[in-house]
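Reviewing the structure listed below.
The values are calculated or read from the model by the stated rules, or taken from the named source; none is laboratory data. The structure displayed is predicted, hence computed values, not measured ones. Note that we place each Cβ from the backbone using ideal geometry, even for glycine, and neighbour counts take in every protein chain shown.
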Amino acid sequence: MRKFLVVLDDSKECLNAMRFAAMRAEHTGAEVEILGVIPPDEFNHWIGVGNIMREEAKERIHAHFQVFAKWMVDKHDIDPRLVIREGNVVEQILKRINENDEIGVLVLGAASGRRGPGPIITELMRQSANLPVPLTIVPGEMSKERLEQIT
């Protein structure tokens, strides 16, 4: 079974990446795996405070995931899987892809504006020749209707 891997974050463009992955999975009989990554610099505090912050970050990821998961199940009959990691986002993406040979496509949403597509895409483009799977970049400004047309 092929899986689409999507990174869950608080960006606006994440929504289009989720939409694209769900629609493609529905049309191709694939699955969706959602990766939430907690950056390590969030916990450079005392041990007790760091642990509380880590748990709060996990709760935020779970809550955000539940919204997308409900939408995917209700609208596209796709039951996504959540994986939560801690560390550098790009390193965790590559690690997850290398751990799971069912992941066939990495889907990311591109930000619009002067600052470029976003730090994850920028870093992965530097490593694109060595990526173990194809990278699909979904424009963050693309309409839902246009996504439906192309998937």
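Report every pair of residues separated by at least 6 positions or lying on different chains whose Cβ atoms are under 9 Å apart, first residue within the stretch 1-12 and in contact (Cβ under 8 Å) with a residue 24 or more places away in the chain, second in a strand (DSSP E or B) and polar (S, T, N, Q).
PHE4/THR136
Which of the residues spanning the stretch 118-146 are under 19 Å from ASP10 (Cβ atoms), in a helix (DSSP H, G or I) and more than 14 Å from the chain's Cα centre (by Cα)?
Those that are under 19 Å from ASP10 (Cβ atoms), in a helix (DSSP H, G or I) and more than 14 Å from the chain's Cα centre (by Cα): THR122, GLU123.
Which one of the conditions (1) outside any strand (DSSP E or B); (2) at pLDDT 95 or above does GLN149 fail to meet, given that it meets all the rest?
Failed condition: (2).
Would you be able to say whether some residue in the stretch 104-117 is farther than 23 Å from ILE150 by Cα and either in contact (Cβ under 8 Å) with a residue 12 or more places away in the chain or under 16 Å from the mean Cα position of the chain (by Cα) (or both)?
Checking the stretch 104-117: not a single residue is farther than 23 Å from ILE150 by Cα and either in contact (Cβ under 8 Å) with a residue 12 or more places away in the chain or under 16 Å from the mean Cα position of the chain (by Cα) (or both).
Find the residue count for the stretch 96-116, including only residues that are assigned to a loop (DSSP other than H, G, I, E, B), in contact with a strand residue (DSSP E or B) (Cβ under 8 Å, 6 or more places away or on another chain) and closer than 17 Å to ARG19 by Cβ.
1
Yes/no matrix, rows are residues, columns are (1) touching a Phe, Trp or Tyr at 6+ places or on another chain (Cβ under 9 Å); (2) surrounded by 12 or more Cβ atoms within 10 Å (Cβ to Cβ); (3) part of a loop (DSSP other than H, G, I, E, B); (4) at pLDDT below 95:
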position	(1), (2), (3), (4)
MET1	no, no, yes, yes
VAL7	no, yes, no, no
MET23	no, yes, no, no
GLY48	no, no, no, yes
MET53	yes, yes, no, yes
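Note down all Cβ pairs under 8 Å where the first residue falls in the stretch 53-77 and is within 17 Å of ALA17 (Cα to Cα), the second is at pLDDT below 95 and surrounded by 12 or more Cβ atoms within 10 Å (Cβ to Cβ), and they're at least six residues apart or on different chains.
ILE61/ILE38
Hey, does the stretch 52-75 have a residue that's touching a Lys or Arg at 6+ places or on another chain (Cβ under 6 Å) and aliphatic (A, V, I, L, M)?
Within the stretch 52-75, none of the residues are touching a Lys or Arg at 6+ places or on another chain (Cβ under 6 Å) and aliphatic (A, V, I, L, M).
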